[in-house]
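Engineer: Next up is a structure, given as structure tokens.
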Amino acid sequence: VGEQVSLKCSFKSSSPITESLTIDWTYRPMTSGQMEAIFHYQSVPYLTTVGKFKDRISWVGNVAEGDASIAIQSPVMSDNGTFICSVRNPPDV
């Protein structure tokens, strides 16, 4: 609580990494709730502008190294839940 936390995500692809590569992070609260998109990457990071993680997500990954990690600033107990990282590098899915 209160410190920056890194959410690690790594990937491998049999296709060369291109501008078509996308990374999506979603979040589902522990107490039943709706999935929420919290981060998107395609060539550049797109930080969420709405929801509980607004202004608290930062991109710490490096796609050239197969790293799709993000960080959350000032986490609180109510942030607990399931975080899902999804990487697509067409034609490799």
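The values are calculated or read from the model by the stated rules, or taken from the named source; none is laboratory data. What you see is a predicted model, and the numbers here were worked out from it, not measured in a lab. Cβ placement follows ideal geometry from the backbone for every residue including glycine, while neighbour counts extend to all protein chains displayed. To get the accessible areas, we keep the full protein, side chains included, count just its heavy atoms, and leave off ligands, DNA and RNA. Shrake-Rupley method; radii C 1.70, N 1.55, O 1.52, S 1.80 Å.
Engineer: Please list, by residue number, every one of the GluC sites (Glu not before Pro) in segment 15-93 that is coil in DSSP and has at most 16 other beta-carbon atoms within 10 Å.
Structural biologist: 19
Engineer: With the full set of protein chains in place, find how many percent of the accessible area of the chain is carbon and sulfur; take the probe as 1.4 Å.
Structural biologist: Percent of accessible area from carbon and sulfur atoms in the chain: 54.
Engineer: log10 I(q)/I(0), Debye, Cα-only segment 4-88, no solvent, q = 0.14, 0.17, 0.19 Å⁻¹?
Structural biologist: Debye output, listed in q order: -0.46, -0.67, -0.82.
Engineer: Now a separate question. Residues with beta-carbon under 14 Å from that of residue 35, excluding residue 35: net charge, scoring Lys, Arg +1 and Asp, Glu -1?
Structural biologist: Neighbourhood net charge equals 0.
Engineer: Residue 15 versus residue 67, label points 7 Å from Cα toward the beta carbon: distance in nm?
Structural biologist: 2.4
Engineer: Over the heavy atoms of residue 60, what accessible area does a 1.4 Å probe trace out, to the nearest 10 Å²?
Structural biologist: Per-residue accessible area (residue 60): approximately 70 Å².
Engineer: What does the accessible area per residue of the chain come to in Å², with a 1.4 Å probe and no ligands, DNA or RNA counted?
Structural biologist: 62
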